[in-house]
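Structure record follows, encoded as structure tokens.
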Amino acid sequence: MNEGKKRLFTGLQPSGQMHIGNYFGAIKPNVDMFAEHQGLFMVADYHALTSLKNPSELRTNIIENVKDYLAAGLNTNNAILFKQSDVSEHTELAWIFDCLVTVPFLMQGHAYKDKVAKGLEPNAGLFTYPMLMAADILLYDTDIVPVGEDQRQHVEYAREAAAKFNLTFGNTFKEPAELISKVVGVVPGTDGQKMSKSYKNTIPLFATRDEIAKAVMSIVTDSGGERPQNVYAIHTLFKTETELATLYETNKGSYKALKDALIEDINTYFAPMRERRATITDEEVKKVLYEGGIKAKAIATVKMAEVREKVGVTL
Ligand code: ADP
Ligand code: TRP
């Protein structure tokens, strides 16, 4: 696959309904990258199990999130789209990495510390999460990992795991580099904080016009000033500053008119994708994942045979 070209690998944790922050911060940059490069796109369902213990919800998230990506234009000619749990080599290799890295090393993980500080159960899976992610990336001789800023340390951990394995058992893994999209920065939610599922301040992705209207109407507007900052900040995702200057000047002080304009702009932007999304069936998603799983497994099996040989379990 893709001889001579850089290989891309990224993953999506199917942990809930996507919002426009996910779209501009992750989906769009990923879709753009895969339009130009070859690589693998993985649904990290076993990673999601660290926090989600509801089987029907997990199943729904997997299907719905893959539909989101397909509707947003993920190019399956360039990307092997597959599910982590379909390629058992991921959990197998993660175990080997767990035996190489130390507890104090994993304890430096920002994601682990943050989640525990927020009251999440400190299960062992959450703790060793970076080694499963290292296995995801390293099994495929990945060059580049497009991720959000929040995942930077995980890619550093993958490099450390590769280096440690190579030093101990001989050169086997390529050290990958992260690629952090800086185009958008953090998309604010309806309350002005970072838009996040956990804060219940989202504008859902591919929502109906009514749902968009409901979310936009709930945007908190400060009473001082003529320009509602939270409305404006979200609006910049859909219109240029010049367009917005005119709009906000014409409707100075009229928050209702500005919110109506934002509803219109969000709806116009996402409507074609929403229509495309409605035509994608669950069966199609399952077929894409099944076929992708076979292709990913074929690559992972070869790498894992080399790993087994090197660590000494192949007799
Ligand atoms: P949430 O905070 O809603 O739980 P996740 O942590 O699952 O979102 O994020 C999934 C991806 O979307 C990550 O790559 C993250 O960087 C990106 N993302 C999430 N929220 C935002 C936001 N408000 N602005 C920009 N990108 C975001
Ligand atoms: N941890 C990533 C997230 O929460 C998802 C993920 C799992 C991933 N494995 C990966 C991303 C490998 C990039 C590469 O967003």
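Looking only at residues that are in contact (Cβ under 8 Å) with a residue 60 or more places away in the chain and either near ligand 1 (Cβ under 9 Å from one of its atoms) or in a strand (DSSP E or B) (or both) in region 5-16, which one is surrounded by the fewest Cβ atoms within 10 Å (Cβ to Cβ)?
Out of the qualifying residues, it is Gly16.
Is region 110-120 home to any residue that is buried (at least 20 other Cβ atoms within 10 Å of the Cβ), in a helix (DSSP H, G or I) and in contact (Cβ under 8 Å) with a residue 40 or more places away in the chain?
no
Residue-wise test of (1) in the same structural domain as Asp86 (by TED's automatic domain parsing); (2) among the small types (Gly, Ala, Ser); (3) part of a loop (DSSP other than H, G, I, E, B).
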{"residue": "Phe206", "(1), (2), (3)": "no, no, yes"}
{"residue": "Ala213", "(1), (2), (3)": "no, yes, no"}
{"residue": "Asp222", "(1), (2), (3)": "no, no, yes"}
{"residue": "Ile263", "(1), (2), (3)": "no, no, no"}
{"residue": "Tyr269", "(1), (2), (3)": "no, no, no"}
{"residue": "Lys297", "(1), (2), (3)": "yes, no, no"}
{"residue": "Ala300", "(1), (2), (3)": "yes, yes, no"}
{"residue": "Lys303", "(1), (2), (3)": "yes, no, no"}
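Taking into account only those residues within region 224-239 that are surrounded by 16 or more Cβ atoms within 10 Å (Cβ to Cβ) and part of a loop (DSSP other than H, G, I, E, B), which is modelled with the lowest pLDDT?
If we take residues in region 224-239 being surrounded by 16 or more Cβ atoms within 10 Å (Cβ to Cβ) and part of a loop (DSSP other than H, G, I, E, B), then Arg227 is modelled with the lowest pLDDT.
Is it the case, given these coordinates, that Leu138 is out of contact with any Cys (no Cβ under 6 Å at 6 or more places or on another chain), over 30 Å from Glu36 (Cα atoms) and in the same structural domain as Asp45 (by TED's automatic domain parsing)?
So Leu138 does not fit the description; no.
Identify all residues within region 125-172 that are more than 16 Å from ligand 1 (Cβ to nearest atom) and not in a helix (DSSP H, G or I); write none if there are none.
Listed by number, the residues that qualify are Leu139, Tyr140, Asp141, Thr142, Asp143, Gly170, Asn171, Thr172.
Out of Lys67, Lys118, which single residue is at pLDDT below 95, of a type in the set (D, E, K, R) and at negative phi?
Going through Lys67, Lys118 in turn, the sole match is Lys118.
Could you check how many residues of region 17-40 are of a type outside the set (A, V, I, L, M) and assigned to a strand (DSSP E or B)?
Here the count works out to 2.
Residue by residue through region 29-64, note down the ones that are within 11 Å of ligand 1 (Cβ to nearest atom), under 14 Å from the mean Cα position of the chain (by Cα) and modelled with pLDDT under 95.
Pro29, Asn30
Regarding region 176-185, can at least one residue be identified that is part of a helix (DSSP H, G or I) and over 30 Å from Met304 (Cα atoms)?
no
Note down all Cβ pairs under 6 Å where the first residue falls in region 51-68 and is surrounded by 16 or more Cβ atoms within 10 Å (Cβ to Cβ), the second is basic (Lys, Arg), and they're at least six residues apart or on different chains.
Lys67/Arg277
Could you list all residues from region 193-210 that are more than 16 Å from ligand 2 (Cβ to nearest atom) and either surrounded by 14 or more Cβ atoms within 10 Å (Cβ to Cβ) or at pLDDT 95 or above (or both)?
Asn201, Thr202, Ile203, Pro204, Phe206, Ala207, Arg209, Asp210
Consider region 277-298. How many of its residues are in contact with a Phe, Trp or Tyr (Cβ under 8 Å, 6 or more places away or on another chain) and not charged (D, E, K, R)?
Qualifying residue count, region 277-298: 4.
Among Ala35, Ala48, which is the only one that is surrounded by fewer than 23 Cβ atoms within 10 Å (Cβ to Cβ) and more than 12 Å from ligand 2 (Cβ to nearest atom)?
Going through Ala35, Ala48 in turn, the sole match is Ala35.
Keeping to region 128-142, report how many residues are under 18 Å from Arg7 (Cβ atoms) and either under 16 Å from the mean Cα position of the chain (by Cα) or surrounded by 19 or more Cβ atoms within 10 Å (Cβ to Cβ) (or both).
9
Every residue, every condition in (1) without any contact (Cβ under 8 Å) to a residue 40 or more places away in the chain; (2) over 30 Å from Tyr157 (Cα atoms); (3) touching a Gly at 6+ places or on another chain (Cβ under 8 Å); (4) more than 12 Å from ligand 1 (Cβ to nearest atom), yes or no:
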site	(1), (2), (3), (4)
Asn201	yes, yes, yes, no
Ile212	no, yes, no, yes
Tyr232	yes, yes, no, yes
Lys239	yes, yes, no, yes
Glu243	yes, yes, no, yes
Tyr255	yes, yes, no, yes
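The values are calculated or read from the model by the stated rules, or taken from the named source; none is laboratory data. What you see is a predicted model, and the numbers here were worked out from it, not measured in a lab. Cβ coordinates were reconstructed from backbone atoms using ideal geometry, including for glycine residues, and neighbour counts include every protein chain displayed.
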